[in-house]
1. For region 503-513, enumerate the residues that are open to solvent by less than 50 Å² (accessible area, probe 1.4 Å) and touching a strand residue (DSSP E or B) at 6+ places or on another chain (Cβ under 7 Å).
2. Name the residues in region 328-348 that are open to solvent by less than 40 Å² (accessible area, probe 1.4 Å), of a type in the set (A, V, I, L, M) and out of contact with any Gly (no Cβ under 8 Å at 6 or more places or on another chain), would you?
3. When you look at Gly160, is it touching a Gly at 6+ places or on another chain (Cβ under 9 Å) and not in a loop (DSSP other than H, G, I, E, B), yes or no?
4. Within region 163-218, which residues are in contact with a Gly (Cβ under 7 Å, 6 or more places away or on another chain), aromatic (Phe, Trp, Tyr) and closer than 14 Å to Pro147 by Cα?
5. Looking only at region 476-495, which residues are among the hydroxyl-bearing types (Ser, Thr, Tyr) and modelled with pLDDT under 95?
6. When only residues in region 83-95 that are part of a helix (DSSP H, G or I) and in contact with a helix residue (DSSP H, G or I) (Cβ under 7 Å, 6 or more places away or on another chain) count, which is surrounded by the most Cβ atoms within 10 Å (Cβ to Cβ)?
7. Give region 154-168 a look and list any residue that's in contact (Cβ under 8 Å) with a residue 24 or more places away in the chain, open to solvent by less than 30 Å² (accessible area, probe 1.4 Å) and farther than 18 Å from Arg99 by Cα, or say none.
8. Within region 243-252, identify whether any single residue is more than 30 Å from Arg306 (Cβ to Cβ), touching a residue at least 40 places away in the same chain (Cβ under 8 Å), surrounded by fewer than 16 Cβ atoms within 10 Å (Cβ to Cβ) and more than 20 Å from the chain's Cα centre (by Cα), and answer yes or no.
Amino acid sequence: MPLPALRVPQIDQGLAQQSDATVGWLADAKIGMFIHWGVYAGPAQGEWYERSAQVKPSVYREFLTSPSPQQFTADQYDPTAWVELARTMGAKYVVLTTRHHEGFGLYPNSHPNAWTSAQAPLNRDFVAGYVSAVRAAGLKLGLYYSPIDWRYPGYYNVRGAALSAPPWNYEGADPASFDYRANAQVMKEEVYQAVKQLVSDYGPIDDLWWDGGWLAEQGSDADGAFFWEPGRYRDPANEWPVGGYGETEPATGKPLGLMGMVRAHQPNVVVTPRSGWAGDYGVEEGGSVPTGPIRAGVVEKTFTIRGAWGYTAGASVMSYDQILAVVVNALVRNMTTLINVGPDRHGVVPADSAAVLTRVGAFLSDVDEAVYGTRGGPWNPVDGQVGYTFRDKTFYVHLLPGRAGGAVTTPSIGDAMVRRVYAVPGGRALPYTVGSDGTVTITGIDRTVHPQDSVVAVVLDRPVVATDIAVGRATSADSEEAGKGNIAARATDGDTATRWCAADGATGHWLQVDLGAATALTGARIAWEFPGKTYRYRVGDRPTATPGPQWSTGRTTPTRVRCTPCRSRDRAPSAGDRDRTGHRCWASIREFQAYDRPFS
């Protein structure tokens, strides 16, 4: 059976991604509810209305301050009702837009140029009520934040270069003399103050959904990192300082970047990559049905079910079949799905959105064992026809509308034995046969109960995928970087965020794992240090007669297994302990895994 891909946390801009243990709740959750709500719900033409219609910021502000049928009143704001809908649709977490690109925050911000719901005419902290409702329901808490702010012309010209024409949002009398760079600096100051309050005023946050690190609507989020400084630290010489609106690291006195502030207050939060920092998980956006192979790592599919992301008057809602097609095809590709609703200007989720999501929740309740806490696989899906999820000793076959009939043959299960096959939901036993090639043919499947996804469970006599038998075993090495905690045991602790490293830059050091008894191994898997290098290793059961880093190939059944990092692929053996760039390639292993069952 195929092994799931390993996820190795990487360091970006001085900060490491969260470990599997920390981000694992998101991979288990599978279903979340996104809520886009802001002043844009007043004009009811989507969250990009201000930009797409090029409404001047002073005019746009009237959708909050001036009584009209398009005024954002929030007079029926009821976060408990939002959260109850999330629970009904089967969501395990909720994400609210605390500030979108219009620059209007749903919570207080003490920066003098901030525009928030804590000011007149609303005088309310909507985030506080939402946070309380989500926690009371026992769901994971997500907060969205966008640093983009259309109130600032400097957003379109952070370096202050001469412009042939002013940006659409400029409202002054003399655009040629306007200081765009200084205006951009104020925008950045406000962001730092807003983020500082967001991550410090509401207790533990599970998910911070960054959106919009890109500048002037050009390039990527990472391209804007020079301005926002989204990593661990800010550069004291950066052209756009934030004055007293940022924070410094108490231990070092270094100025913290956006993610430095976030992690200082929220050490366990997971974030998207849309601030310009790498992020802890990936995002695929849009209502298209996922295709292709299983996704590696933790990936979220997010889409909106009714018009734009923000409330859109007269928009039609996606059908139940269309929504399930996205959800199920994400599920079998190992993705979590975040489904968006847009409450209206009063704070009410449209009735058609609530109705269809209630149906989705009923389906998820019927097949919950094949959804929550599972992983996509172990085999890649066949687009539109069949996919798989698994947990422990059970894998689930998801028959999709593109596959006709009430029978299916699975890929080979190798030397595993089938203990039970049944329909999900209901638990009705189904007839099956196991071929000489290990394939399982299942018949009698009722495709009428949930034709969008007919789910069958196959229970085996052992875990679906091979289990790492090295994890937790006694591990030793001839050299350890003990001062930094990079000891031998870190290579077999089941955590790719930790590592074993030798105490010097020489090659040939060895790591040894005691399996406890003579064991016939089918193979090993190694997670190494850096994605840009492919290290070479020798794996065996004992040293050869020749001194040095040469080990046997393990033809006998070993009690102990040794692994010797030799060198990285991008350098010749004569290069010593340095690669072509002169950087040391130290003997290092993130995780060493050993297996006694066949795998691919």
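The values are calculated or read from the model by the stated rules, or taken from the named source; none is laboratory data. Computed from a prediction, not measured in an experiment: that's the story for all the values here. A quick note on method: Cβ atoms are made from the backbone with ideal geometry, for glycine too, and the neighbour counts reach across all protein chains shown. These accessible areas exclude ligands, DNA and RNA; they are computed on the full protein's heavy atoms, side chains included. Shrake-Rupley method; radii C 1.70, N 1.55, O 1.52, S 1.80 Å.
1. Start the filter on region 503-513 by keeping residues that are open to solvent by less than 50 Å² (accessible area, probe 1.4 Å), which leaves 505-506, 508-509, 511-513.
Selection gives Gly505, Gly508, His509, Leu511, Gln512, Val513.
2. Residues of region 328-348 that are open to solvent by less than 40 Å² (accessible area, probe 1.4 Å), as a first pass: 328-344, 347.
Restricting the remaining residues to those that are of a type in the set (A, V, I, L, M) gives 328, 330-332, 335, 338-339, 341.
Ala330, Val341 - these are the residues of region 328-348 that are open to solvent by less than 40 Å² (accessible area, probe 1.4 Å), of a type in the set (A, V, I, L, M) and out of contact with any Gly (no Cβ under 8 Å at 6 or more places or on another chain).
3. For Gly160, the condition - touching a Gly at 6+ places or on another chain (Cβ under 9 Å) and not in a loop (DSSP other than H, G, I, E, B) - is not met.
4. Residues satisfying the conditions are Tyr192, Trp209, Trp214.
5. Ser476, Ser479
6. So the residue we want is Val83.
7. Gly154, Asn157, Val158, Trp168
8. Scanning region 243-252, I find at least one residue that is more than 30 Å from Arg306 (Cβ to Cβ), touching a residue at least 40 places away in the same chain (Cβ under 8 Å), surrounded by fewer than 16 Cβ atoms within 10 Å (Cβ to Cβ) and more than 20 Å from the chain's Cα centre (by Cα), so the answer is yes.
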